[in-house]
Amino acid sequence: MSTPLGPDQQHQLVAQIGQGLASMAPPGTWRQVRTEYRAVGRHIEADVVVTGHDGTPRAVQPPPDLLQLLGTLRAGMYRPGLGTWVSAVVLVDAVQGVSADFTADREPQWRRTPPPIGFQDELRFFPRADEHVPPWLRERAGLTPPAPGEVRTPRIHDGLDEAGRPLIRRQQLAPAEAERVLAYLDAAPVILASRSNGPDAFAPDRTDAVPMNFRTDGAWAWPGAVAYYLREHGVPPDPDLVAHIRARRFTAPPEVPEPAKDLALAAITGEQPQTTV
């Protein structure tokens, strides 16, 4: 395990990474240089894009020393029990300088999804307390699923702005994957049907558009709004639900046992499921 880096050391390393990025284009020819680095275990992906003064982006090959610096930073930012980040964006702006953003709990948008051993290695190299292992990482690593009787429900959006409009802070799905996610959402059994529709939070003029039904796959229960907003507005579902669908290889169960349906209904309505003696 690498030696932990203090805040000043982290800032110095980010500055060093920024200098390396700035050197990848001739002086005076660029407006921004951006790298995105994604990693779990030994699996590493990195992209570098140079944007010229005319706004045209150009992809360049990240050099090995840049990858090494980013890997050192990732290892040095590990905190016992909490893990470390799995994706980072470092941006060098010709006017504003260097900025960096790190994500520890959301799954990156992989070019090529790592095999399960990569996620298992992540938890071996950077151990996390159980409460700090996000569901997508747990599923990707093949860990024990949530306890029986736990059915999750997704967040439809990520809060509201000052005007009351829904906020979305999620990575967009590639069109091909979005179609597979939609197929999964639409294929799971209906557990609560409704003939009426609700208003569209993203298009207030559509007052009778959003299906009010609910479906479940036995582990998650979701309203018709999840598929509707993905289909109509390109809004990705809750990232944890997307990770769950990926882990199930986009194949929804055709049937769900009645006890599981009862638990899903309880998760939706807040009522305790009925039990028989």
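The values are calculated or read from the model by the stated rules, or taken from the named source; none is laboratory data. Computed from a predicted model, the values in this text were never measured in an experiment. Surface areas here come from the heavy atoms of the whole protein model, side chains and all, with no ligands, DNA or RNA. Shrake-Rupley method; radii C 1.70, N 1.55, O 1.52, S 1.80 Å.
At 1.4 Å probe size, put Val86, Val60, Val98 in order of accessible surface, largest to smallest. Walk me through the numbers before you get to the answer.
Values: Val86 0, Val60 30, Val98 65 Å².
Heavy-atom accessible area, descending, gives Val98, Val60, Val86.
What angle, in degrees between 0 and 90 and rounded to the nearest 10, separates the Cα long axis of helix 258-269 from the longest principal axis of the Cα atoms of the chain?
Helix 258-269 sits at roughly 70 degrees to that axis.
Just checking my list (i) 51, 45, 43; (ii) 70, 46, 33; (iii) 56, 47, 35 against Cα extents along the principal axes in Å computed from this structure; which label fits?
From the options (i) 51, 45, 43; (ii) 70, 46, 33; (iii) 56, 47, 35, the structure gives (ii).
In the chain, what percent of the accessible surface is made up of carbon and sulfur (1.4 Å probe, ligands and nucleic acids excluded)?
53
Restricting the count to DSSP beta bridges whose residues both fall in the chain, what percent are antiparallel, rounded to a multiple of 5?
Bridges in the chain are about 95 percent antiparallel.
Using a 1.4 Å probe, what is the accessible area per residue for the range 213-258, in Å²?
38
Return one number: the angle in degrees, 0 to 90 and rounded to the nearest 10, between the long axis of the Cα atoms of helix 116-125 and the longest principal axis of the Cα atoms of the chain.
60
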